[in-house]
Amino acid sequence: MIEVEDVYFTYPNGVEALKGISLKIKNGEFVAIMGQNGAGKTTLVKHFNGLLKPTKGKVLVDGVETTKVSVATLARKVGFVFQNPDTQLFSETVEDEVAFALKNFGFKENVI
């Protein structure tokens with residue numbers, strides 16, 4: 001489960017991107033975060049996998065605060081799909097792409 005509790009986030013340039021956001025996403029739920037350009041959608045979801053840390057408030061993944069664990073640990077639980085696939089795909093084939101991810105998670109070659 002992902003829990004967002006009264007989260008605020010301000011970028012270093014002073015832009016307040018999130019103000020008092022709270023929500024719960026239960027295991028197995030599929031959620032679409034929608035809104036206008038600049039509304040804070042990407043900023044919000046980057047908190048789910050620890051790429052950004054709240055200025056105020058808490059984000060928890062399976063009961064653990066995202067500020068207390070590494071991005072790598074959170075990546076095992078929270079996926080992130082970017083708008084432009086060119087910014088997230090590394091290989092030419094699905095097989096190679098899956099193998100790339102498994103290698104990064106420490107799987108042995110004979111398992112992959």
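Every number here is computed from the coordinates shown, using simple stated rules; none is lab data. All values derive from a computational prediction rather than experimental measurement. Here Cβ is always computed from backbone atoms with ideal geometry, including for glycine, and neighbour counts include all displayed protein chains.
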Across SER70, SER22, SER91, the residue with the highest GNM fluctuation in the chain (Cα network, 10 Å cutoff) is SER91
In deg cm²/dmol, rounded to the nearest 500, the helical mean residue ellipticity at 222 nm of the chain, built from -39500 (n - 2.57) for every DSSP H run of length 4 or more, is -5500 deg cm²/dmol
Which residues qualify? For LEU18, with a placed amide H closer than 5 Å and at least 5 residues away or on another chain, they are PHE9
Trypsin sites (Lys or Arg not before Pro) in the stretch 11-108 lying in a DSSP loop, each with at most 12 other Cβ atoms within 10 Å of its Cβ, come to LYS26, ARG76, LYS108
Relative contact order of the chain (C-alpha contacts under 8 Å, at least 6 apart) in percent is 23
Given Cβ charges of +1 for Lys and Arg and -1 for Asp and Glu, the option among GLY63, VAL81, ILE33 whose Cα lies farthest towards the positive end of the dipole of the stretch 29-102 is GLY63
Fewest to most Cβ atoms within 10 Å: THR66, THR10 sort as THR10, THR66
When the chain is treated as a Gaussian network with springs between alpha carbons less than 10 Å apart, the largest mean-square fluctuation among PHE80, PHE48, PHE100 is found at PHE100
Note, the stretch 99-105: 3J(HN,Hα) by Karplus (6.51, -1.76, 1.60, θ = phi - 60°), whole Hz, Gly/Pro = x, goes 4, 4, 5, 5, 4, 5, 8
